[in-house]
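The values are calculated or read from the model by the stated rules, or taken from the named source; none is laboratory data. These numbers were taken from a predicted model, which means no experiment stands behind them. Methodologically, a virtual Cβ is constructed for each residue, glycine included, from the backbone with ideal geometry; neighbour enumeration extends over all protein chains shown. Accessible surface is based on the protein model in full, side chains and every heavy atom, while ligands, DNA and RNA are left aside. Shrake-Rupley method; radii C 1.70, N 1.55, O 1.52, S 1.80 Å.
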Amino acid sequence: MCGIIGYVGTDRGDDALEVLLDGLSQLEYRGYDSAGVALADGGIDVHKREGELAALEAALPRERFDGDSIGIGHTRWSTHGPPSDANAHPHTDATERVAVVHNGIIENYQSLRDDLAAAGITFQSDTDTEVVPHLIGRSLDEGLDHEAAFRAAIDRLEGSYAIAAVFDGTETVYAARHESPLVLGVADDGHFLASDVPAFIEYTDQVIYLADGEFARLTPDDLVITDANGQVTDPSVETIAWDPEDAGKSGYDHYMRKEINEQPTALRECFRGRLDELTGRVELPELGDLEPRRPVTFVACGTSYHAAMFGTRLLQDRGVPAQAFLASEFDADRVPIDAESLVVGVTQSGETADTMRAIREANSVGATTVAVTNVVGSSAARETDDVLYIRAGPEISVAATKTFASQQAALTMLAAALSDQRSRALVRELRAVPDQIQSVLDASRAREIAETYHGAEAYFFIGRGYHYPVALEGALKMKEITYTHAEGFAAGELKHGPLALVSEETPVFAVVTGDGKLAEKTIGNVKEVEARGTPVVAVTDGQSDVERYADHVLEVPATSAVASSIVANVQLQLVAYWTAHELGRSIDKPRNLAKSVTVE
Ligand code: M6R
């Protein structure tokens, strides 16, 4: 996720460049691949570099900025165009009258870009953001003042944005937001804006959260917020009580909890511009002209493999032959793939060595390859024919949480596209998932379950159909962060061996939704363990009578099997998180594990 910062200081204020660089370093946790600043005292000076902040700092002619008091800065997490100096923010209009930084995705950027190009504008980058300074520039040409030109540009944007702009020769920073975070800071000697409080908490703990659709005008002595109609609002100033040390986690104890809570936002980003409710079509232009109904082979590891299993079933249910391989077990000499095959590598990081090897083997036999990944410009993105980005934003905690939900969502859309399926019902169900996850986050009783069972000998997870990969993922999360034995099973397999393990000390988590055949059969398996005195926790939507046989219930909203798998998994993430919390484990960095596994 990109990070933005802006500062406008009084004469007594701090040096803007120092404030911006400090702020950007506090936003590093969001993940980034390039960074830049624009200082705006008598002319606009833009400096930006691909790579780490240190690369930007090294490139800055410091003495030139000494004493500047106005500027904006940015850390870029690529979405449109690879990491590069040119694609880094800030972006300017052709004559550098305005510089702009942006976090979010401008959905209608292509049509805006086409219009601007037709009017003679030459673009310097591949980004969606660059349309904004050019739109502002066009309005300035037409005689609008800075604020009117800024508002006119924002009015033309569709999608998500937190945007800040500085103009040549003024002491003002303008900002606007829609569905991307933006917080303002109020200090005696200046005003701040940023994607997140840590960026300026060193300078002030007085903040105003800008609401969707609002605009802000920051000057050294004044901060004015207006609504979409230009009416001045009366915002409340809040005092942040965080220790600066904790601020990178936005007040959460752990990145994992923060990332679990970010899932509604992550999924909205994943769906943005890709679901057409009118036609029921999924629009994935990034897949080019992949012909539908071609047999699909997935390769992936760990959590991503569970997502690949989910994707396999989605395709099979739509009549498309599909199989999933653990990437470490994939061997192109043994698996019948050839130039007609479609091989999909599912990898959050895009760098996992086993998955990359499998993708390279598939490339070497001439198969068409697709990466489903979170990281723009990653090895997987570069070495495959097409890329479907899951847009989850950076995940810091070693345990994958929001990226799994986003993989499930992306693979559901991929399966619809590859089977050439239109379904308004599916589009409606997917659109509802972010709110359903929010309702789970707001009301989950997972913490009580963790308080009751954190001393267990082992944990078992069962599910059928789409809930089978969720059972495996629930167990993986539990074992990796609690260091307690946990296993997931296809519910029907229980009586073929694992049943010997269940006891009063081994809670069984059963994912049961709907009231169909699969639910009925899983309830049969629940009865088998309940009869042996084993505690049962049902993750359920209340459509079946599984509650009669369960000791505890974790509720999820009623929806389809596909959508409820995404939502039910959140309850299991929370159980694992709170259990690890009870046990005092190192939640974000579990022992022996790394976020990105770059060795085979
Ligand atoms: O980056 P990848 O998705 O390729 O990583 C694969 C696995 O290492 C990863 O999913 C791992 O299982 C999770 N971090 C566990 O939570």
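Residues whose amide H comes within less than 5 Å of that of residue 34, counting only those at least five positions distant or on another chain, are 51, 76 (H built at 1.01 Å from N in the peptide plane). Bridging of residue 495 to aspartates and glutamates at a Cα separation below 19 Å is possible for 487, 504, 505, 520, 528, 530, once same-chain residues fewer than 8 apart are set aside.
Which order do the peptides 534-541, 251-258 come out in when sorted by mean C-beta neighbours inside 10 angstrom, highest first? Before the final figure, lay out each step's value.
On the way: 534-541: 24.4, 251-258: 19.4.
Ranking, from highest mean packing down: 534-541, 251-258.
At a threshold of 8 angstrom on Cα-Cα distance, excluding pairs fewer than six apart, so keeping six or more, what relative contact order does the chain reach in percent?
After rounding, I find 11 percent.
Each label was represented as a point 7 Å from its Cα along the Cα-to-Cβ direction; for residue 96 and residue 272 these points are 3.0 nm apart. Taking the DSSP bridge list for the chain and keeping only pairs wholly inside it, about 60 percent are antiparallel.
Using a 1.4 angstrom probe on heavy atoms only, work out the carbon and sulfur share of the accessible area of the chain in %.
Carbon plus sulfur share of accessible area: 44 percent.
Cross-link pairs exceeding 25 Å between alpha carbons, from the set 402/589; 402/527; 258/517; 258/589: 402/527; 258/517.
A simple spin-label model places pseudo-atoms 7 Å from Cα toward Cβ; at residue 202 and residue 451 they are separated by 3.9 nm. Between residue 317 and residue 252, the FRET efficiency estimated from the beta carbon spacing at R0 = 45 angstrom works out to 0.75. Backbone geometry of the stretch 294-310 corresponds, through the Karplus equation with coefficients 6.51, -1.76 and 1.60 at θ = phi - 60°, to 3J(HN,Hα) couplings of 9, x, 10, 10, 9, 10, 5, 10, x, 4, 5, 5, 4, 5, 5, 4, 4 Hz, x marking Gly and Pro. The calculated FRET efficiency for the pair residue 353 and residue 52, based on their C-beta separation and a Förster distance of 25 Å, comes to about 0.65. In sequence order, the stretch 168-175 has phi-based couplings of 4, x, 10, 9, 9, 10, 9, 8 Hz under the Karplus curve 6.51 cos²θ - 1.76 cosθ + 1.60, θ = phi - 60°, and Gly or Pro positions carry x.
Gain on full extension, evaluated as 0.36 nm per residue between residue 543 and residue 385 minus their Cα-Cα distance, stands at 52.6 nm.
Subtract the Cα-Cα distance of residue 237 and residue 10 from 0.36 nm times their separation in residues, and report this length gain in nm to one decimal.
Values: separation 227, 0.36 × 227 = 81.72 nm, distance 1.99 nm.
The residue 237-residue 10 span can extend by a further 79.7 nm.
Restricting the chymotrypsin sites (Phe, Trp or Tyr not before Pro) of the stretch 113-179 to loop positions (DSSP other than H, G, I, E, B) with no more than 15 neighbouring Cβ atoms within 10 Å leaves 123.
Partner aspartates and glutamates whose Cα lies under 12 Å from the Cα of residue 249, excluding those fewer than 8 positions away in the same chain, are identified as 28, 196, 259, 262, 395, 588.
Annotation: peptides 296-304, 581-589, ranked by per-residue average of other Cβ atoms within 10 Å with the highest first, follow the order 296-304, 581-589. Computed 3J(HN,Hα) for the stretch 210-218, one whole-Hz value per residue from the Karplus formula 6.51 cos²θ - 1.76 cosθ + 1.60 where θ = phi - 60°, is 5, 8, 3, x, 8, 10, 10, 10, 10, glycine and proline marked x. On full extension, the segment bounded by residue 591 and residue 279 gains 107.5 nm, given 0.36 nm per residue less the C-alpha separation. Pull up all non-local amide H partners of residue 445: gap of 5 or more, or a different chain, and H-to-H distance under 5 Å with H placed in the peptide plane. Amide H neighbours of residue 445: 555.
In Å², and per residue, what accessible area does the chain have when probed at 1.4 Å with the other protein chains present? List each step's numbers first, then the result.
Working: 22600 Å² over 600 residues.
Value for the chain: 38 Å² per residue.
Applying the criteria of a DSSP loop state and at most 16 other Cβ atoms within 10 Å to the chymotrypsin sites (Phe, Trp or Tyr not before Pro) of the stretch 427-525 yields 483.
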